[in-house]
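Comments concern the structure below.
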Amino acid sequence: MIFNNIDFDTYFKNYPDENGYYGRYGGAYVSDELKKAMQETTEAYFTICKSSKFISELRRIRREFQGRPTPVSYLERLSGTLGNVQLYVKREDLNHTGAHKLNHCMGEALLAKYMGKKKVIAETGAGQHGVALATAAAYFGLECDIHMGSVDIKKQAPNVARMKILGANVVEVTHGLATLKEAVDSAFDAYAKDYKNSIYCIGSVVGPHPFPMMVRDFQSVVGIEAREQFVEMTGELPDAVVACVGGGSNSMGMFSGFLNYPVDIYGVEPLGLGPKLGDHAASLQYGTEGIMHGFNSVMLKDENGDPAPVYSVASGLDYPSSGPEHAFLRDLGRVKYDVVSDEEAIDAFFTLSRLEGIIPAIESSHAVAYGMKLAKEMGKGSVLICLSGRGDKDMDYIIEKYGIR
């Protein structure tokens, strides 16, 4: 399929380019010393991603340990309240550890073992990436340090406990806003001091090359499965695909299965409390081009051009930038990016729970809310939503802040 002069039949062979760019976005803006570490990781990844032994082992892990493939579920009762559009969800909440994050964490940890590393380092916001990497570290016998902002530690206490039970060292980050951006800063600093013995397992399609590419590739299993399952269920492709976007790992995984097909694709960012700077984390909607955490993309900036304070009710979405591939797809027009507010996401959280018996993560609730809104606008057809995670981690926070509606 040709879209805006891009041949999507060969898209994944051409993007990123050899320097890690998707158009003008991406790259590796790191110190000379860390460039060597990035190159080492790139070479190792390109070696093993073509290895039948690595691929077979990863497939076995997905099947026997993660419980893949995860199903696609038809939301019959919810669809019935919205008119004639039929809603479906890809159930990444049923992936082991309760979210999509384990898809790339098992791949990154397997890469770490191949490279002879002894430790994995990561950041986490909602805690799902931290839990997933702690799980992968336990599986492979690796040390694990998880950097997490103190604000998110309080909001996501169940996931903090799970990380510790799995043997991870949770590093509390207290500077700045003490949320996801600061956790990334802290994890990068730790990695720079110990890159010879460790690997930084970035939790999304962000950071310096090769991480946006690697995470996308490991997460593409979501979209490939979803496309095949949907066609088997219905005999056709969905009319629209929807996923939430913070850094953008679940969405990039989901979109990967549909970029070369005649399907409308929507990425949903957190509008939070509104469009005022500091009240949201919708970088693709309101940001401008800029460099942070080793990559060039679209970011929210303060008056000095530095990363701006951001906010979302969903800890996993409150990041001041998005993955470079998302910025590229936005500019091409292949993916439409829009926003959902805190209130809309919370309403969707309770609606899906009550009508379908599925308690979604607050992050995923943004995609559900947009899917519901899209269904009302479309009038007919089908929408496939990526349900990126389950809401167990959010229960205490939801009840404390919003009560039970």
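The values are calculated or read from the model by the stated rules, or taken from the named source; none is laboratory data. The structure displayed is predicted, hence computed values, not measured ones. Please note: Cβ atoms are built from the backbone with ideal geometry, for glycine as well, and neighbour counts cover all protein chains shown. Each accessible area value is taken on the protein alone, full model and side chains, heavy atoms only, with ligands, DNA and RNA left out. Shrake-Rupley method; radii C 1.70, N 1.55, O 1.52, S 1.80 Å.
The overall shape of the range 263-312, judged from the alpha-carbon gyration tensor, is oblate: a/c is not under 1.5, and a/b is no greater than b/c.
For a quick protection proxy, order the peptides 180-192, 32-44 by their average other-Cβ count within 10 Å, most packed first.
Result, highest mean first: 180-192, 32-44.
Subtracting the Cα-Cα distance of Ser52 and Glu232 from 0.36 nm times their residue separation leaves 62.0 nm of extension gain. Selection among Gly27, Pro71, Ala44 by position relative to the dipole of the range 23-81 gives Pro71 as farthest towards the positive end (Cβ unit charges, Cα centre). Straightening the chain between Ala157 and Lys376 buys 75.2 nm, computed as 0.36 nm per residue apart minus the Cα-Cα spacing. Under the shape rule built on the C-alpha gyration tensor, where the axes satisfy a ≥ b ≥ c, the chain is rounded, since a/c falls short of 1.5.
Work the Kirkwood hydrodynamic radius out for the range 1-124: mean of 1/r over every pair of different alpha-carbon atoms, inverted, in Å. Computed over the range 1-124, the radius equals 18.1 Å. Of the solvent-accessible surface of the chain, computed with a 1.4 Å probe and all protein chains present, 49% belongs to carbon and sulfur.
Report the charge-dipole magnitude of the range 206-325 in Debye, nearest 20, computed about the Cα centre from +1 at each Lys and Arg Cβ and -1 at each Asp and Glu Cβ.
Rounded to the nearest 20 debye, it is 180 debye.
Beta bridges from DSSP with both residues in the chain: antiparallel share about 30 percent, rounded to the nearest 5.
Considering only Gly272, Gly223, Gly305, the Gaussian network model of the chain with Cα springs below 10 Å gives its largest mean-square fluctuation to Gly305. Pairs of lysines in the range 266-405 whose Cα atoms sit within less than 24 Å of one another amount to 9, provided the residues are eight or more positions apart or on different chains.
Taking 19 Å as the straight-line reach from the Cα of Lys196, the lysines in range (excluding those fewer than 8 positions away in the same chain) are Lys35, Lys36, Lys113, Lys117, Lys118, Lys119.
Express the C-alpha Rg of the range 82-170 as a ratio against the empirical globular expectation 2.2 N^0.38 Å, rounded to two decimals. It would help to have the intermediate numbers written out before the result.
Details: Rg = 15.1 Å, N = 89, 2.2 N^0.38 = 12.1 Å.
This ratio for the range 82-170 stands at 1.24.
The mean sequence separation of alpha-carbon pairs under 8 Å and at least six residues apart, normalised by the residue count of the range 268-363, gives a relative contact order of 30 percent. Placing unit charges on each Cβ (+1 for Lys and Arg, -1 for Asp and Glu) gives the chain a dipole about its Cα centre, and among Phe8, Gly287, Leu387 the Cα reaching farthest toward its positive end belongs to Leu387. Site pair Lys401 and Asn169 shows an inter-label distance of 3.1 nm when each label is modelled 7 Å from Cα along Cα→Cβ.
Taking a ≥ b ≥ c as the square roots of the eigenvalues of the alpha-carbon gyration tensor, the range 233-342 is classed prolate because a/c is 1.5 or more and a/b outweighs b/c. In a simple Cβ point-charge model (Lys, Arg +1; Asp, Glu -1; nothing else charged), the chain has a dipole of about 1020 debye relative to its Cα centre.
Round to the nearest 0.05 the FRET efficiency obtained for Ser31 and Phe350 when R0 = 45 Å and r is the Cβ-Cβ distance. Step by step, r from the Cβ atoms, then E = 0.45.
Residues in the chain average 38 Å² of solvent-accessible surface per residue, probe 1.4 Å, ligands and nucleic acids excluded. Of all aspartates and glutamates in the structure, the ones whose alpha carbon falls short of 19 Å from that of Lys50, not counting any fewer than 8 places away in one chain, are Asp17, Glu18, Glu40, Glu108, Asp217.
By Kyte-Doolittle mean hydropathy of at least 0.5 and Cα axial length of at least 15 Å, which whole DSSP H helices of the chain are selected? Long hydrophobic helices here: 128-140.
When you filter the GluC sites (Glu not before Pro) in the range 204-278 for DSSP loop state and at most 11 other Cβ atoms inside 10 Å of their Cβ, you are left with Glu236.
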